[in-house]
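The structure under discussion appears below in the form of structure tokens.
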Amino acid sequence: MKIAIQGELGSNSHMAAMSMLGNDLAALSIVPCNVSAEVMAQVLSGAVDAAVLPIENSLHGSVAEHYDLLLELDVRIERESLLRIHHNLIVAPGVALVEVRRVISHPVALSQCRKFLAAHPEFEVMPFYDTAGSVKYLMEHQLRDVAGIAPVLAATQYEGQVLVSSVEDHAQNFTRFHLVRRMEDPWLIAPTEPDNKMSLAFAIEHRPGTLVAALERLAWAGVDLTKIESRPVPGSPWEYVFYVDVRFDAPGKAEAAVAALMEHCRMVKILGRYRAAATP
């Protein structure tokens, strides 16, 4: 089973893929990609079976680019998971804290570890392209005065050492990930429980009250709106596509919600129907 991720091996996306699809590394091949567009290209070409992409972090917010790709491309969300995010200070084996002069990591990870970094003004803090990539870099170059902030899996992947664990500011730090497949592909893993969540994208006429009317139709259908996000329409200034997640307790309610939106909106796309992930 080949799964594409954005970022390096040992990243949170790698951990999410293992969480969703199993920890058997012999059966699971992770394909790291530089950018999200490359991830989706791998999916659409059939070079991989699926992709695992982050869609939202409980502190940082949504990953806007991934919403755009879900709308634009012929793909669907098959599953979601929630991953508790732990940031760790990782160094080469044998390095002591007093030897560290520079800390590198992805800008989002650095922003979520402000208190720890502020407590160590001796560190020069520098953004890097990837969390796990920071550990890969310092290990490849045998740097003994540089530390990366990354998941524990990155230390395992590149044979680094966790010097300080859980350096994040907030314990309640979760990232929601989607397992994404080509629209026409069968289920990668057959669901064991019925769907109770749906992600939709819709566009409405640019007139007063149209958004309120769309949301009223969702309420009328009996679904629970759990998220709403807007994104600009390329080439149409000040027009937006709305992305919503809804929960439902009966399949008929999901179908009624889609039908009601189609009567009112100029565009509706079902991005996926799946089982809502439980908070770890």
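For segment 118-134, a tally of residues being in contact with a Leu (Cβ under 7 Å, 6 or more places away or on another chain), farther than 19 Å from Ser36 by Cβ and of a type in the set (A, V, I, L, M) returns 1. Can you name the condition, by its number, that Tyr274 falls short on among (1) in contact with a His (Cβ under 9 Å, 6 or more places away or on another chain); (2) over 18 Å from Val75 (Cα atoms); (3) surrounded by 15 or more Cβ atoms within 10 Å (Cβ to Cβ)? For Tyr274, the failing item is (2).
Within segment 240-268, residues that are within 21 Å of Gly209 (Cβ to Cβ) have Cβ atoms under 9 Å from residues that are of a type in the set (Gly, Ala, Ser) and surrounded by fewer than 18 Cβ atoms within 10 Å (Cβ to Cβ) in these pairs: Tyr240/Ser230; Val241/Ser230; Phe242/Ser230; Tyr243/Ser62; Tyr243/Ser230; Ala257/Gly222; His264/Ala213, counting only partners at least 6 apart in sequence or on another chain. Here the condition is being hydrophobic (A, V, I, L, M, F, W, C), in contact with a His (Cβ under 8 Å, 6 or more places away or on another chain) and assigned to a helix (DSSP H, G or I); of Val108, Val98, it holds for Val108 alone.
Just to be sure before I move on: is Leu143 surrounded by 15 or more Cβ atoms within 10 Å (Cβ to Cβ) and either outside any strand (DSSP E or B) or not assigned by TED's automatic domain parsing to the domain that holds Ser11 (or both) in the structure I sent? Yes. Only one of these conditions is not met by Ala259: (1) small (Gly, Ala, Ser); (2) under 27 Å from Leu82 (Cβ atoms); (3) at pLDDT 90 or above. Which number is it? Going through (1) small (Gly, Ala, Ser); (2) under 27 Å from Leu82 (Cβ atoms); (3) at pLDDT 90 or above one by one, Ala259 breaks only (2). Tell me yes or no: at least one residue of segment 160-176 is part of a loop (DSSP other than H, G, I, E, B), among the acidic types (Asp, Glu) and more than 22 Å from the chain's Cα centre (by Cα). No; the residues of segment 160-176 include none that is part of a loop (DSSP other than H, G, I, E, B), among the acidic types (Asp, Glu) and more than 22 Å from the chain's Cα centre (by Cα). Scanning segment 91-111 for residues that are over 16 Å from the mean Cα position of the chain (by Cα) and surrounded by 14 or more Cβ atoms within 10 Å (Cβ to Cβ) returns Val91, Ala92, Val95, Glu99, Val100, Arg102, Val103, Ile104, Ser105, Leu110, Ser111. Exactly one residue among Arg217, Arg231 is within 23 Å of the chain's Cα centre (by Cα) and either not assigned by TED's automatic domain parsing to the domain that holds Ile77 or not in a strand (DSSP E or B) (or both), and that residue is Arg231. Quickly run through segment 33-76 and pick out the residues that are touching a helix residue (DSSP H, G or I) at 6+ places or on another chain (Cβ under 7 Å), without any contact (Cβ under 8 Å) to a residue 60 or more places away in the chain and under 15 Å from Glu184 (Cα atoms). Residues satisfying the conditions are Val48, Leu73. Can you tell me how many residues within segment 163-183 are farther than 30 Å from Gly272 by Cβ and surrounded by fewer than 18 Cβ atoms within 10 Å (Cβ to Cβ)? Within segment 163-183, residues that are farther than 30 Å from Gly272 by Cβ and surrounded by fewer than 18 Cβ atoms within 10 Å (Cβ to Cβ) number 4. For Leu25, the test of being modelled with pLDDT under 95 and out of contact with any Gly (no Cβ under 9 Å at 6 or more places or on another chain) is passed. Checked against the criteria, Ala150 does not count as small (Gly, Ala, Ser) and over 22 Å from the mean Cα position of the chain (by Cα).
In the set Ile270, Ile189, only one residue is aliphatic (A, V, I, L, M), in contact with a Lys or Arg (Cβ under 9 Å, 6 or more places away or on another chain), at pLDDT below 95 and outside the structural domain of Arg76 (by TED's automatic domain parsing); that residue is Ile189. Looking at this structure, is Val135 buried (at least 18 other Cβ atoms within 10 Å of the Cβ), touching a residue at least 40 places away in the same chain (Cβ under 8 Å), assigned to a helix (DSSP H, G or I) and touching a Phe, Trp or Tyr at 6+ places or on another chain (Cβ under 8 Å)? Yes. Of all residues in segment 242-280, those satisfying the criterion of being outside any helix (DSSP H, G or I), over 19 Å from the mean Cα position of the chain (by Cα) and not β-branched (Val, Ile, Thr) are Arg247, Phe248, Asp249, Ala250, Cys265, Arg266, Met267, Lys269.
The values are calculated or read from the model by the stated rules, or taken from the named source; none is laboratory data. Note that the structure is predicted; figures quoted are calculated from it, not measured. Heads up, the Cβs are rebuilt from the backbone with ideal geometry, glycines too, and the neighbour counts pull from every protein chain shown.
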